[in-house]
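Everything below concerns the one structure shown next.
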């Protein structure tokens with residue numbers, strides 16, 4: 001069954017990492033993505049993604065805020081914390097100028113990637129997050 005879903009996602013042009021996201025959940029993922037972005041210091045997280053110096057205290061504060069929104073609030077709405085975390089981190093790893101243009105539709109943008117694109121795929125981010133945690 002998983003192979004069938006992967007084929008359907010590929011035909012529809014969806015990044016395979018997001019094949020489990022239901023169409024009616026996209027708006028809710030966008031809502032929680034936007035809430036995270038508004039609640040943290042995006043520059044600190046972006047600098048972390050680029051291995052630049054960061055304010056460790058701000059980073060810890062942001063991580064706590066993100067955990068509350070992603071693992072508690074969004075999960076109670078039935079969203080996958082792992083998927084939302086990847087969506088948020090794709091933003092941190094994206095080109096800082098181009099991501100601004102797509103911020104209001106970020107979830108759709110990461111689900112329907114272009115080849116090549118200005119941010120890493122869902123699986124690339126997931127594998128990186130697994131490696132650093």
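The values are calculated or read from the model by the stated rules, or taken from the named source; none is laboratory data. Given the structure is predicted, the values throughout are model-derived calculations rather than measurements. Don't worry about glycine lacking a Cβ; one is built from the backbone with ideal geometry, like all the others, and counts go over all protein chains shown.
Residue 58 fails exactly one of the following numbered conditions: (1) in contact with a helix residue (DSSP H, G or I) (Cβ under 6 Å, 6 or more places away or on another chain); (2) surrounded by fewer than 13 Cβ atoms within 10 Å (Cβ to Cβ). What is the number of that condition?
(2)
Could you list, in sequence order, all residues of region 66-95 that are exposed (fewer than 14 other Cβ atoms within 10 Å of the Cβ) and outside any helix (DSSP H, G or I)?
77, 78, 95
How many residues are assigned to a helix (DSSP H, G or I) and loosely packed, with under 15 Cβ neighbours inside 10 Å if we restrict to region 109-123? Spell out how you get there, then give the answer.
Start the filter on region 109-123 by keeping residues that are assigned to a helix (DSSP H, G or I), which leaves 109-111, 122-123.
After this cut, where a residue has to be loosely packed, with under 15 Cβ neighbours inside 10 Å as well, the list is 123.
Here the count works out to 1.
Being in contact with a helix residue (DSSP H, G or I) (Cβ under 6 Å, 6 or more places away or on another chain), within 21 Å of residue 121 (Cβ to Cβ) and surrounded by 17 or more Cβ atoms within 10 Å (Cβ to Cβ) is the filter; apply it to region 19-47 and report the residue that is modelled with the lowest pLDDT. Please lay out each step first, then the result.
Restricting attention to region 19-47, the residues satisfying the condition of being in contact with a helix residue (DSSP H, G or I) (Cβ under 6 Å, 6 or more places away or on another chain) are 19, 26, 29-30, 32-33, 35-36, 39-41, 44-46.
Those left that are additionally within 21 Å of residue 121 (Cβ to Cβ): 19, 26, 29-30, 32-33, 36, 45-46.
Narrowing the set further to residues that are surrounded by 17 or more Cβ atoms within 10 Å (Cβ to Cβ) leaves 19, 29-30, 32-33, 36, 45-46.
Details: 19: 93, 29: 98, 30: 98, 32: 98, 33: 98, 36: 98, 45: 97, 46: 97.
Step by step, filter region 19-47, then rank; the result is 19.
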